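J.: I'd like to ask some things about the structure below.
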Amino acid sequence: ATKSGFSTDQTYPIGGAAGTDPISPDATVVVQQVTQTSLLIDRVSSFTVQTVDSSCVVLPNIDFSLTGTKIIGAPSILKYDTHNFSTGSSGNVTIQDLEADTYETVLTSISYDLSGTSFFPIFTINPNENKTLQMVAVPHAGMALLVSVKDSADLPINGATVQLEKGEFNEIKSTNSSPCQTPGQTFWNNLASGSYTLTVSKIGYQTSVSTIDVLNNWQNQNIILTP
């Protein structure tokens, strides 16, 4: 089922694109019996990604991926699996005809690290929506850590104090304090590998203290604060 300007929905044969256990298998028609199946379509949307440097100046030719979450086959065959894109010479790219879904975007350029985004990189696109994400990318330097602070409703918490400690290393930063808007986020790079103590606090919320292992070139640590 489809229509111009709308998404597509369909049934799938067993062993086809949806694998051996499709969520919506092809219907079986039996003589003198009513066979019923339901298909759901809605208006498609667009998604624009802009890449900038730490001073919010356009940064061209940054690679990223986009992955949906809607399942067409058990246990984990995605309707919109991982697609790779580049922001090109203009530093932005628009992806058309996206179905309403929850998506995740990941910066994949090996020479750069993601230091923040204009909204969290796991997000929902609604029907008939034009959504724009700004990604802040910095040259890769040592181990990098992006800390995302949110409440229980997944909303960013700005102005949270984030302290990172390891031996003589002790730095304090605040979420959404960089020149570019990165709600609920703060970033470190040039870190040594190892275990760090991460303390996050904000008036009106309980303080979070955790131990994190910085072992990857880049990693994101999500912290949820409760009142």
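The values are calculated or read from the model by the stated rules, or taken from the named source; none is laboratory data. Keep in mind that what you see is a predicted model, and the values were worked out from it rather than measured. Note that we place each Cβ from the backbone using ideal geometry, even for glycine, and neighbour counts take in every protein chain shown.
J.: Restricting attention to the range 53-70, which residues are part of a strand (DSSP E or B) and in contact with a Leu (Cβ under 8 Å, 6 or more places away or on another chain)?
T.: Asp63, Phe64, Thr67
J.: If the Cβ limit is 8 Å and pairs must be 6+ apart or interchain, which residue in the range 143-162 that is over 27 Å from Ser111 (Cβ atoms) pairs with which residue that is among the acidic types (Asp, Glu)?
T.: Once the first residue is over 27 Å from Ser111 (Cβ atoms) and sits in the range 143-162, its partners that are among the acidic types (Asp, Glu) give Ile157/Asp151.
J.: When the range 170-183 is examined, which residues are found to be touching a Pro at 6+ places or on another chain (Cβ under 8 Å) and over 14 Å from Leu145 (Cα atoms)?
T.: Across the range 170-183, the qualifying residues are Asn176, Pro183.
J.: Could you list, in sequence order, all residues of the range 71-87 that are outside any strand (DSSP E or B) and surrounded by fewer than 14 Cβ atoms within 10 Å (Cβ to Cβ)?
T.: Ala74, Pro75, Ser76, Asp81, Thr82
J.: Looking only at strands (runs of 3 or more DSSP E) that fall completely inside the range 88-205, which ones have 3 or more residues that are surrounded by fewer than 18 Cβ atoms within 10 Å (Cβ to Cβ), hydroxyl-bearing (Ser, Thr, Tyr) and outside the structural domain of Phe64 (by TED's automatic domain parsing)?
T.: Ranges flagged: 194-201.
J.: Next question. Right, Asp9: over 26 Å from Gln134 (Cβ atoms) and of a type in the set (D, E, K, R) or not?
T.: yes
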